[in-house]
Amino acid sequence: MATGLVSHFVAHFVAMARNNAWANHRLLSACEALSPEEFALPRTGFFPTLRKTFNHILWVDQYYIDALDGLDALRRYSEPDPDFVDALSMRLAQTASDKRLIAFCERQTEETLARDCITPRPNRTPPPTRVPDVLAHLFQHQIHHRGQAHAMLSSTTIKPPQLDEFFLAGEPDLPRVIRLDDELRALGLLEN
């Protein structure tokens, strides 16, 4: 793989990881206006509550990041699932996981992107998957379930936040750029 292409892939994965962290931060920050009871109320979605949806996102993130880091991802199946009962504690845990994912993406090189990743399951070990494909799957998983959480939030009194402008941050005529930069700084993803 050509060096320029590798640096493009790495930059893309870093941008996707940062977008992921920003979107999680925005959506969970909005959910903080909900009481723990509202956070756990049944709603329409694959996982029937915001609480279960966000805890599932975190569990899957931790599993795949462990696998990408060459750690024992299989242990996640024998540990209790995360169960953060409110959006604030959920956001703090998700932010820590998102920072691990960003750091992983920032460490990538031509050699590490060519590496296979093992994602074991309790009853089988699927064939190895290339690191870029695992990352693509992880980002898609996040987007899929975050979209469901976004829709669930719309059934509350809280207005769901805008989540699809991250990559357009260079458009200075849009007033949300200042807010986006402030949010990225708060997450430690943008320097002053």
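The values are calculated or read from the model by the stated rules, or taken from the named source; none is laboratory data. No experiment lies behind these values; they were computed from the predicted model shown. Glycine gets a Cβ as well: all are built from the backbone with ideal geometry, and neighbour counts include every protein chain shown. We work out accessible area using only protein heavy atoms, side chains counted, and drop any ligands, DNA or RNA first. Shrake-Rupley method; radii C 1.70, N 1.55, O 1.52, S 1.80 Å.
Report, by residue number, each residue of segment 31-50 that is of a type in the set (A, V, I, L, M), under 16 Å from residue 92 (Cα atoms) and surrounded by fewer than 19 Cβ atoms within 10 Å (Cβ to Cβ).
Answer for segment 31-50, where residues must be of a type in the set (A, V, I, L, M), under 16 Å from residue 92 (Cα atoms) and surrounded by fewer than 19 Cβ atoms within 10 Å (Cβ to Cβ): just 33.
Taking only pairs six or more apart or across chains, which ones have beta-carbon atoms under 9 Å, a first residue in segment 128-153 that is in contact (Cβ under 8 Å) with a residue 24 or more places away in the chain, and a second residue that is crowded, with 19+ Cβ neighbours inside 10 Å and among the acidic types (Asp, Glu)?
Listed pairs, sorted by first residue: 138/61; 141/61; 142/61.
Please enumerate the residues belonging to segment 127-155 that are open to solvent by 50 Å² or more (accessible area, probe 1.4 Å) and hydroxyl-bearing (Ser, Thr, Tyr).
Result: 154, 155.
For residue 21, are the conditions met, namely being open to solvent by less than 50 Å² (accessible area, probe 1.4 Å), more than 22 Å from residue 114 (Cα to Cα) and assigned to a helix (DSSP H, G or I)? Before you say what the answer is, go through the steps one by one.
On the way: open to solvent by less than 50 Å² (accessible area, probe 1.4 Å): yes; more than 22 Å from residue 114 (Cα to Cα): yes; assigned to a helix (DSSP H, G or I): yes.
Considered against the rule, which asks whether it is open to solvent by less than 50 Å² (accessible area, probe 1.4 Å), more than 22 Å from residue 114 (Cα to Cα) and assigned to a helix (DSSP H, G or I), residue 21 comes out as yes.
Do we have any residue at all in segment 59-80 that's among the aliphatic types (A, V, I, L, M), open to solvent by 50 Å² or more (accessible area, probe 1.4 Å), part of a helix (DSSP H, G or I) and more than 21 Å from residue 102 (Cα to Cα)?
Initially, segment 59-80 is screened for residues among the aliphatic types (A, V, I, L, M), giving 60, 65, 67-68, 71, 73-74.
Okay, now just the ones that are also open to solvent by 50 Å² or more (accessible area, probe 1.4 Å), so 71, 74.
Right, trim to part of a helix (DSSP H, G or I) and you get 74.
Still in the list and also more than 21 Å from residue 102 (Cα to Cα): 74.
Yes, that holds for at least one residue.
On the basis of being closer than 23 Å to residue 148 by Cα and part of a helix (DSSP H, G or I), does residue 89 make the cut?
yes
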